[in-house]
1. Which of the numbered conditions does Y145 fail, given that it passes all the others? Conditions: (1) within 20 Å of Y45 (Cα to Cα); (2) part of a strand (DSSP E or B); (3) of a type outside the set (D, E); (4) in contact with a Ser or Thr (Cβ under 9 Å, 6 or more places away or on another chain).
2. Report the residue count in segment 148-167 for those that are part of a helix (DSSP H, G or I), touching a residue at least 24 places away in the same chain (Cβ under 8 Å) and over 17 Å from A44 (Cα atoms).
3. Taking segment 109-129 as the region of interest, how many residues are loosely packed, with under 14 Cβ neighbours inside 10 Å, over 18 Å from P97 (Cβ atoms) and modelled with pLDDT of 95 or more?
4. Output the number of residues of segment 22-57 satisfying the condition of being modelled with pLDDT under 95 and β-branched (V, I, T).
Amino acid sequence: MKPTLTTLALVAAITLIPALTLTGQQQPDPIRIGVYDNRAIAIAYAASESHNQMLAEVREQYEKAKADDNKQQIRAIGQRMQTHQEAMHFQGFGRAPVNDLLEPIHDDLRQLAADLDLAAITRECDVTAANVETVDITEQIVELYNPSERTRNTVASVRKADPIPLTTIAHMGHNH
């Protein structure tokens, strides 16, 4: 059976029209999502002026409680700082949220998102659609903490290593 002219035209239309339509239309820009390594953020924050200021305030509170012989306040400060140190270990060595560490640079992050045309900034994207582009902005976020060269080098070293599982960090104890 010979294909008719109508059949050939129909096959050509079915085959070529979608291709012509796709090439004639501009693909929408991808949705850009900024992602970062939380361990780098924790290291940069730990060496930052914001963190040092917080530690100085806590030290001042502790000294006042000690001078007032306020044992309850001394215990509460000790517990709060132990919890802080544990959280920093999870954030600096494993995969843990760092929302609290990003708070001092929140406005800068909004500006960074605008400058880089990012729809959002998040720790990681487990799954993305085809029209989503993830952009690693770890280095740009680290710079918002005004790190020293030593801090930058530490961040680079940590990023070369795999994160430690949270259960391993939890079983390490408090003396590390």
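1. For Y145, the failing item is (2).
2. 1
3. 7
4. So the answer is 1.
The values are calculated or read from the model by the stated rules, or taken from the named source; none is laboratory data. Note that the structure is predicted; figures quoted are calculated from it, not measured. FYI the Cβ positions are ideal-geometry reconstructions off the backbone, even for glycines, and counts take in every protein chain you see.
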